[in-house]
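Beneath this line is the structure, given in structure tokens, with notes to follow.
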Ligand SMILES: Cc1cc2nc3c(=O)[nH]c(=O)nc-3n(C[C@H](O)[C@H](O)[C@H](O)COP(=O)(O)OP(=O)(O)OC[C@H]3O[C@@H](n4cnc5c(N)ncnc54)[C@H](O)[C@@H]3O)c2cc1C
């Protein structure tokens with residue numbers, strides 16, 4: 001079988017390789033850099049993203065990659081030396097009850113990449129550094145900078161905001177493009193805690209000569225985000241000023257970056273798919289960009305795996321564009337509204353203000369959106385609330401399955417285990433039999449669990465491998481109906497027994 005080629009070994013490209021490998025699909029990743037990037041870049045990871053890592057067995061490794069602090073507080077100070085340390089207090093991590101996972105700090109991308117690279121290799125991916133993808137055709141022919149030309153079964157363009165894959169396919173983009181000033185992310189080593197005392201995770205530095213944000217990125221590393229462009233000497237001066245005391249430091253590197261809002265008009269061309277920033281770049285307020293990119297990869301991986309092994313037809317792959325392009329439009333709009341008015345994001349009480357402009361509450365943006373495509377039967381695209389995630393995870397077709405503990409340490413989400421799964425109501429033992437006849441795993445839920453996740457007592461919900469609800473029924477058990485629903489959703493050529 002021809003390999004899946006992934007252009008770009010950034011965080012989303014490596015995650016795509018992990019997710020494909022998790023579904024038994026090996027991939028070839030080509031990354032033009034010679035090694036992983038040492039820069040922390042984006043750091044905010046949502047509970048939904050942590051759920052995805054949990055699913056593929058990386059929950060613990062990603063948790064260990066977090067930069068934690070008992071002082072989660074954000075401080076405002078002229079310089080790091082002038083932080084009012086008497087005001088720093090511990091902020092315990094409060095478990096988020098709508099997910100089995102609660103972010104416990106922040107997750108620098110270089111820490112994530114260090115988890116994802118070996119995980120991808122362990123799952124069968126070959127990752128080559130120092131190789132640029134120079135051309136791609138819609139038929140899957142890939143040209144590389146070292147002269148090789150490969151015929152790939154499928155190609156995933158994970159090559160970032162200036163995607164070569166996207167331009168080779170002639171896919172136009174929409175959106176304003178670069179929207180912010182140039183920021184320089186200066187990464188440096190210093191023992192600030194030893195020299196200055198406790199440090200919060202984030203400090204807004206107010207000194208006029210170094211105004212910006214100072215972030216703790218673990219292991220005595222710090223990232224100072226200031227306006228650029230800057231020369232090397234200017235970077236050194238900014239760091240010295242932002243520290244505000246005679247503390248030795250060593251600059252590791254400085255990356256200029258501009259917030260960008262741009263979206264590809266199509267996420268699929270023939271056998272080629274765009275994920276991450278190659279598909280769409282989102283302005284940073286809200287930390288939606290990386291989370292959205294990882295959700296692209298998660299959506300695509302199970303579909304590609306199913307089509308490759310003949311358990312689904314090509315039309316299922318069209319739903320990648322249908323679902324993720326619609327989500328991208330939605331999330332981009334949410335980010336745009338926040339860019340114009342940050343209080344829509346940060347002010348939890350600004351419910352009326354959000355409603356007036358169509359902004360959703362922030363956890364709703366990453367965890368409450370729904371899919372409406374041919375991979376969902378009778379989708380209910382609008383959630384009942386744009387503010388209350390708990391009300392919106394109601395078991396409706398197209399919505400994400402709601403987390404609820406079914407026994408200690410086991411979430412409803414864990415029951416799905418990356419396969420099509422039928423969750424039956426407490427009075428619907430017959431649906432478990434129907435699922436077995438259709439070759440599907442099934443689980444009968446206790447009454448309290450079924451009520452919370454929206455499974456009818458005598459009915460069932462069919463959950464996709466990515467834990468979105470594909471179909472809900474209150475009718476009596478019928479294996480033939482279930483098979484027809486699966487045939488319709490997966491567009492499978494003939495009844496395929498494997499439904500993983
Ligand atoms: C310098 C920088 C700073 C950032 N800072 C922030 C921030 O502070 N906050 C925030 O929210 N977001 C930030 N971002 C954005 C965030 O990092 C992205 O949203 C996220 O990385 C998307 O991941 P990706 O894998 O899709 O793309 P990328 O991280 O851009 O990865 C793409 C990868 O593809 C490789 N590549 C490109 N072209 C080719 C090719 N033709 N062949 C082979 N390989 C190729 C690149 O070398 C790169 O490793 C920053 C991005 C950068 C680049």
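Between the range 375-413 and the range 230-272, how far is it from one alpha carbon centroid to the other, in angstrom?
Using only Cα atoms to place each centre, the spacing works out to 37 Å.
Take the alpha-carbon positions of the range 116-212, form their convex hull, and give its projected area averaged over all directions (one quarter of the hull surface) in nm². Show your work: numbers first, answer last.
Numbers: hull surface 45.0 nm².
Result: a mean projected hull area of 11.3 nm².
Return the whole-Å distance between the Cα centroid of the range 331-365 and the Cα centroid of the range 67-142.
Their Cα centres are 24 Å away from one another.
Under Stokes-Einstein, with the Kirkwood radius over Cα pairs standing in for Rh, what whole-number D in µm²/s applies to the range 222-270 at 37 °C and 0.692 mPa s? Display every interim value, and only then the final one.
Details: Rh = 13.7 Å.
This corresponds to a translational diffusion coefficient of 240 µm²/s.
In whole Å, what are the extents of the range 16-173 along the principal axes defined by its C-alpha atoms, from largest to smallest?
Over the range 16-173, Cα extents along the principal axes are 62, 36, 29 Å.
Angle, helix 109-122 long axis vs. longest principal axis of the chain, Cα atoms, 0 to 90°, nearest 10?
40
Which shape class applies to the range 271-429: rounded if a/c is under 1.5, otherwise prolate when a/b exceeds b/c and oblate if not, where a ≥ b ≥ c are the square roots of the Cα gyration tensor eigenvalues?
oblate
For residue 143 and residue 38, FRET efficiency with R0 = 35 Å and r from the beta-carbon atoms, rounded to 0.05?
The formula returns an efficiency of 0.75 here.
Starting from the coordinates of the alpha-carbon atoms of the range 177-259, obtain the Kirkwood hydrodynamic radius over all distinct pairs and give the value in Å to one decimal.
Value: 12.8 Å, from the Cα pair sum.
Counting helices only, and only those DSSP H runs with n ≥ 4, report the 222 nm mean residue ellipticity of the chain as the sum of -39,500 (n - 2.57) divided by its residues, in deg cm²/dmol to the nearest 500.
Values: 17 runs with 164 residues, N = 500.
Result for the chain: -9500 deg cm²/dmol, rounded to the nearest 500.
Summarise the long-distance tail of P(r) for the range 402-500 by giving the % of C-alpha pairs beyond 22 Å.
Across the range 402-500, Cα pairs with separations above 22 Å total 21 percent.
Once you order the gyration tensor axes a ≥ b ≥ c over the Cα atoms, which shape class does the range 335-430 get: rounded for a/c under 1.5, otherwise prolate or oblate by comparing a/b with b/c?
Prolate, because a/c is 1.5 or more and a/b exceeds b/c.
Which order results if 239, 4, 149, 455 are arranged by neighbouring Cβ count within 10 Å, fewest first?
Fewest-to-most Cβ neighbours within 10 Å comes out as 149, 239, 4, 455.
Kindly express, to the nearest 10 degrees and within the range 0 to 90, the angle between helix 479-490's C-alpha long axis and the longest C-alpha principal axis of the chain.
Approximately 40 degrees, to the nearest ten.
Based on the Kirkwood radius over alpha-carbon pairs, what value in µm²/s does the Stokes-Einstein equation return for the translational diffusion coefficient of the range 249-341 at 20 °C and 1.002 mPa s? Spell out each step's value before the answer.
On the way: Rh = 14.6 Å.
Using the Kirkwood radius from Cα pairs, D works out to 147 µm²/s.
Does anyone have the angle between helix 232-243 and the longest principal axis of the chain? Alpha-carbon axes, 0 to 90°, nearest 10?
90
Could you tell me how far the Cα centroid of the range 279-313 sits from the Cα centroid of the range 172-203, in Å?
That distance is 27 Å.
Classify the range 11-61 from the C-alpha gyration tensor, please: rounded if a/c falls under 1.5, else prolate or oblate depending on whether a/b exceeds b/c.
oblate
Using all Cα-Cα distances in the chain, what percent lands in each 10 angstrom bin from 0 up to the longest?
Reading upward from the zero bin: 4, 19, 28, 26, 16, 6, 2, 0.
Throughout, read-outs are computed from the coordinates displayed, never taken from laboratory work. Here the structure is a predicted model, which is why all the values come from computation and not from measurement. Neighbour counts are summed over all protein chains in view; Cβ atoms, including those assigned to glycine, are modelled from backbone coordinates with ideal geometry.
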